1. So, in segment 279-328, of the ones that are open to solvent by less than 10 Å² (accessible area, probe 1.4 Å), aliphatic (A, V, I, L, M) and over 27 Å from the mean Cα position of the chain (by Cα), which residue ends up modelled with the lowest pLDDT?
2. What about MET850, is it in contact with a Lys or Arg (Cβ under 8 Å, 6 or more places away or on another chain) and under 25 Å from LEU321 (Cβ atoms)?
3. Go through (1) at pLDDT 50 or above; (2) open to solvent by 30 Å² or more (accessible area, probe 1.4 Å) one by one and return the number of the condition GLU2 breaks.
4. Specify which of the listed residues (ILE499, ILE484) is open to solvent by 50 Å² or more (accessible area, probe 1.4 Å) and either under 30 Å from LYS853 (Cα atoms) or at pLDDT 85 or above (or both).
5. Looking at segment 697-707 only, could you name the residues that are open to solvent by 20 Å² or more (accessible area, probe 1.4 Å) and under 14 Å from GLY738 (Cα atoms)?
6. Here are ALA358, ALA348: which of them is within 17 Å of THR293 (Cα to Cα) and open to solvent by less than 30 Å² (accessible area, probe 1.4 Å)?
7. Going by the conditions given, is ARG100 open to solvent by 10 Å² or more (accessible area, probe 1.4 Å) and either without any contact (Cβ under 8 Å) to a residue 24 or more places away in the chain or assigned to a strand (DSSP E or B) (or both)?
8. Could you please find all residues in segment 188-210 being in contact with a strand residue (DSSP E or B) (Cβ under 7 Å, 6 or more places away or on another chain), over 30 Å from LEU743 (Cβ atoms) and open to solvent by less than 40 Å² (accessible area, probe 1.4 Å)?
Amino acid sequence: MEFGLVGVKVSSASGGLAEDFALLSPDLVESPLRSVDLQLRVVDVAAHATLTQVFVNPLDEALEVTYAFPMLPSATVCAFSADFSGVSIRGHVLEKDDARISYDSATATGHSACLLEMPTKDSLYLRLGQLPACAEAVVRLEFTMQLRSEGDHSLRLGWPTVIGARYPLSPSPHGGSMKESLDSGCVVGPGGAAFSLSASFEMHCAISGVLSPTHDVVATVDGTNHASASLDLPSMPTAEIVIQVTAATPLVSRCWLEPNSCSGGGAAALAVLYPEESALQKLLPQRQEPLRTEFIFVLDRSGSMCGDGIQKAAEALQLFLKSLPQDCLFNIVGFGSTYQSLFGAKSASYNAETLQMASEHAEQVHADLGGTEMLQPLEFIFAQALPQGFARSIILLTDGQVSNTESVFSLVGRYAAQATVFTVGIGSSVSHDLVEGLADVGGGTSEFVTGSENLQLKVIRQLQRALRPTSVRLTHVEWLGAQIVKLAPAKLEVPQGRITMLMGHLAGGKPGQRGLPCNGNRVLVSGLLRGIDGAAPKTMRLHFESVLGQTAVLDLETTTLPASRYLHAAVGRAMIEDVLGNLPSRPPTELAARARKRVVEIGTQLQVASRYTSFIAVDRWQVLRDPRVCPQISANSTIKVIRLPDEGSMQLLRWQATIRPGDPAWKHKQALEVACSTLSTNHPERLKAAMEYSACLRQAGRSDLACLIARTAFEDAIAELDNCSEDSYRDSIIIMQGLRDNLTEWILDEDQDAAGKTTLMPEEQKHGRSLHEQPQEQPPMADLLQPLVRLHVFDGSWAPSEMLAEAIGVPLSSFASQPLEASPEESATALVISFLELRLAARAGEWTLMVDKARAWLAGRLGAERLVQLMARAHATIQAS
């Protein structure tokens, strides 16, 4: 079988799990990946990245190297080249099958070749064939991408390094190769090579800060519009690298235009827009009364969320609940292998009683629902009728990945007119494709949190976006003086033959339903233009329409770049994703064929890798004298491998048979032997025995054998999952989740240990949890905000109490009636507002909605003048405390 978890091939005898393993050969081979260098140049929100990977063949014969690594869904590979022993070959894009044929033909005839494929939207798979003995190969990839916006002033640059496990648990339809394991859910580590990063930033205004919440990045900020950052590590990072850039002024809409390097008057255009309804009100004076909102908080409660993850999510849920408006409906849906709804099939009215129920639920929430199955809870939500007079907003938190991504996207897309989906991705191995894609098809936005980033802030930011009205939409765009050949998103295209221009009105469809909503979410618009014979167009015109049928236009100045291919590649990738994104989950054969043909046309024309197109580079000048089928090794593994002399295939270095009576693992070994001889591969008792034995071996330091046993048990059960009885199916799924979670931790630990790092984690987490062990709750860190969140009342006020007085550091007597004749509740509320504004001003993004509710409550009881006087007195009290 192929041991896809660490990416090395293992020949399996017929003995199975119960067989003891013998040491086969002392011929050790080092991992071929030696170094990875990432160079980034960022201008405003646009980034150009050059990724350089150095591979060395450690054998005395030719070798094939494979390497799987993640990429951001928004990133586009725009150039690819390989240097074989000093000979540089530039890659080009072909249809996927043609690229594979070219690769196989080249390697079969003794030519070195390099193939780059995109198995999923957020991963790449590299094959480096016929690398000569002891030779070096340098692979360079160039990317274009856009930074994510976070708030009005900040940008987030993320670079993932680990391909995480994907759910639901399902057998691979492709036989389990490393590349196809990306689809079947295998976790893939980054390997153990040295890593370096260098980034330069240039903004439209002064840069006020550059920092990383995940790594010790060295940043240089001098108060100008330029800054830099660097990072050097002895081995590949096992967590996503995040760099946050803060601008001195708010982010603004921008548009770039790149002429075609060939003649013909063509160009590519890319616009990054922040259309905000409030900024358009002077153009659209009549406003529709906003709809009330039904909020559904969807929380990932799978096993991987246990510990710190679920604790932070529960705190964010508490803050979310206390920040909701009073006239809303709400519900909480937790999901894992199954799902649970707090209020059943119908959302509850937001009142003191339901808020108390939800708050108690948040206090007791656990990561106890197994794997990450997202489709069923979303089907449950969309099956419920939308309450009349309400808009529906879904805020979804997850730390995982799923294998049925397209089905999830298709479902959300079908109900996009009924619900807006906002997502928050948690952790360093969450799927960017899943989190970003859900928000894209659901008309919302996505956020990510990892390292020391603040989850509560990002949840509240999503709630603020959900509260914004969406009565204005961007209906279509144009570049003055140019013709649009192709546009993405296609929702902004003007259908030919169905246009009626009257006061700027676009016929077809109901007002307020065409185009894209203007709620402040970032919008990317890509276009291929023609008819630019002279000067490039300097103006992009945006057309807006309200639900009342009012129209307006805004002009945006364009910035013309030098003729090149980078922007063309980014535009091509956007158009490919738009073509694929408009397909149903199970498209008819003819429709799928047309979409594939269109993707291949765009990919080959604009040289963009995609699901159906790949980069291929072949060394036509050097030929091996004795070409043959060469051994293969994955650069994703930091574990040393050995080569069988008679087979020439790579083998995992196994432990000698030293487990004997008296050894702590002996009883677990015997239990597994009995289970393997008497029970089916998917039986929960057999899976439990494998889980216990592998955890015991891991604790004893026998990581290789522990991984092999856990992985084999998992894959054997996957193959027979459809035949599992109803009585044992749920138990089997839960134990398989535990096996996979252990494997994920162990492989990432091996990557760190191979580089000489010390992994700082509790012993039970380091060794993996057995079935009988319960995750240990970590005591929460002191947080001045959380007590105030828990004490916040439904109507926006705070009730006086000893706990509240202690939380804000004032005597209980401070809540007593004041000369202004304020009630104790009014005094307490004013004091809390002052405490937040004076003591926790840096966290205003988290508490702003609570304070808005509190001020509205006070204003309704006191009036504007008395409110000002009470707040002045409260500020003085807090300052004196």
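1. Applying the filter and picking the extreme gives LEU284.
2. Values: in contact with a Lys or Arg (Cβ under 8 Å, 6 or more places away or on another chain): yes; under 25 Å from LEU321 (Cβ atoms): yes.
The answer is yes for MET850.
3. Result: GLU2 fails condition (1) only.
4. ILE484 is the lone residue from the list that is open to solvent by 50 Å² or more (accessible area, probe 1.4 Å) and either under 30 Å from LYS853 (Cα atoms) or at pLDDT 85 or above (or both).
5. Listed by number, the list is empty, since nothing qualifies.
6. On the way: ALA358 fails: within 17 Å of THR293 (Cα to Cα).
Within the list ALA358, ALA348, the selection yields ALA348.
7. Details: open to solvent by 10 Å² or more (accessible area, probe 1.4 Å): yes; either without any contact (Cβ under 8 Å) to a residue 24 or more places away in the chain or assigned to a strand (DSSP E or B) (or both): no.
Here the answer is no, as ARG100 does not meet what is asked.
8. Taking segment 188-210 first, the residues in contact with a strand residue (DSSP E or B) (Cβ under 7 Å, 6 or more places away or on another chain) are 188, 190-191, 193-203, 205, 207-210.
Retained after the next criterion (residues that are over 30 Å from LEU743 (Cβ atoms)): 198-203, 205, 207-210.
Across segment 188-210, the qualifying residues are ALA199, PHE201, MET203, CYS205, ILE207, GLY209, VAL210.
The values are calculated or read from the model by the stated rules, or taken from the named source; none is laboratory data. Quantities reported herein were computed from a predicted structural model and do not represent experimental measurements. No Cβ is skipped: glycine too gets one built from the backbone with ideal geometry, and neighbour counts run over all protein chains shown. Surface areas here come from the heavy atoms of the whole protein model, side chains and all, with no ligands, DNA or RNA. Shrake-Rupley method; radii C 1.70, N 1.55, O 1.52, S 1.80 Å.
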